[in-house]
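Working notes, beginning with the structure itself.
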Amino acid sequence: MIKRELSFNDLAIEPSEIYEQMGYGTAEPDAMTVGETDEMIARVAGFVRPGFCFFVTDGQLDNDHSTLTVMGREFSIGRIISRQLRGSSRYTFFIATAGMEFEEFQHALMADGDMVKVFIADAIGSVIAEKAADRMEEELQRLLDPSGWRHTNRFSPGYCGWHVSGQQELFRLFPDEKPCGVTLSSSSLMTPIKSVSGVIGLGENVRKLEYSCGLCDFKQCYKRKIPSHK
């Protein structure tokens, strides 16, 4: 298993990505929001310790039944993910997280009761977790480059027809009890909350595509494009 700890600077986060997560789309927020966000970014950058871990394994994809069997565990991933993984020769399972330091920071903000800061921090945390997963994909691709293989998009339990309870079996695949310092509750909630997990297909005949939101009816998906404000 490959594990990496990152710094905030490693994530190369643009303020526009945080504004989009906050719901602004491509519109510019007001000056107060910009100032609050800049201040929050500066605070978070000083202590946050995001990271990721992943491993590569064999697996058996059954497109007829929309299942993926790995290490003796069968995942009911749904037809959308099954179709996107088609042609994969191997599979990567991953976890990426904003880290416990950020989780504790969020709890402190909630205790202070400043809901503006809580809202901004929530958006920043979501972006941190996703950017940590982006860095994971980049490292994965560097490992694949000598073979000429590529990878698919990443897909997570709770999206595209893969029930969130799939987290339970996914976490059991990892050799560590707390992979990347992330724990899982009986209701499949990850702690730190700002964490993502999932699977990626690997092979010569796969490719990464734009997320095809037209194929999925889950309106709250984080990959669904947010319309810009006029």
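The values are calculated or read from the model by the stated rules, or taken from the named source; none is laboratory data. None of the values given here were measured: they were computed from a predicted structure. All Cβ positions, even for glycine, are placed from backbone atoms using ideal geometry, and neighbour counts span all protein chains on display. These area figures cover heavy atoms from the full protein model, side chains too; ligands, DNA and RNA do not enter into them. Shrake-Rupley method; radii C 1.70, N 1.55, O 1.52, S 1.80 Å.
Among the candidates Gly35, Gly46, Gly23, the residue that is within 20 Å of the chain's Cα centre (by Cα) and within 28 Å of Glu104 (Cα to Cα) is uniquely Gly23.
Residues of the stretch 159-173 that are farther than 12 Å from Phe94 by Cα, in a helix (DSSP H, G or I) and in contact with a Phe, Trp or Tyr (Cβ under 8 Å, 6 or more places away or on another chain): Gly166, Glu169.
Of all residue pairs spaced 6 or more apart or on separate chains, those with beta-carbon atoms under 8 Å, a first member in the stretch 183-195 that is farther than 17 Å from Ala132 by Cβ and a second member that is among the aliphatic types (A, V, I, L, M) and assigned to a loop (DSSP other than H, G, I, E, B) are Ser188/Val164.
Assigned to a helix (DSSP H, G or I), at pLDDT 95 or above and over 30 Å from Met32 (Cα atoms), is that true of Glu138? Yes, satisfied. The residues of the stretch 141-158 that are part of a loop (DSSP other than H, G, I, E, B) and among the polar types (S, T, N, Q) amount to a single one, Ser156. Residues in the stretch 172-183 that are open to solvent by 20 Å² or more (accessible area, probe 1.4 Å) and in contact with a strand residue (DSSP E or B) (Cβ under 6 Å, 6 or more places away or on another chain): Cys180, Thr183.
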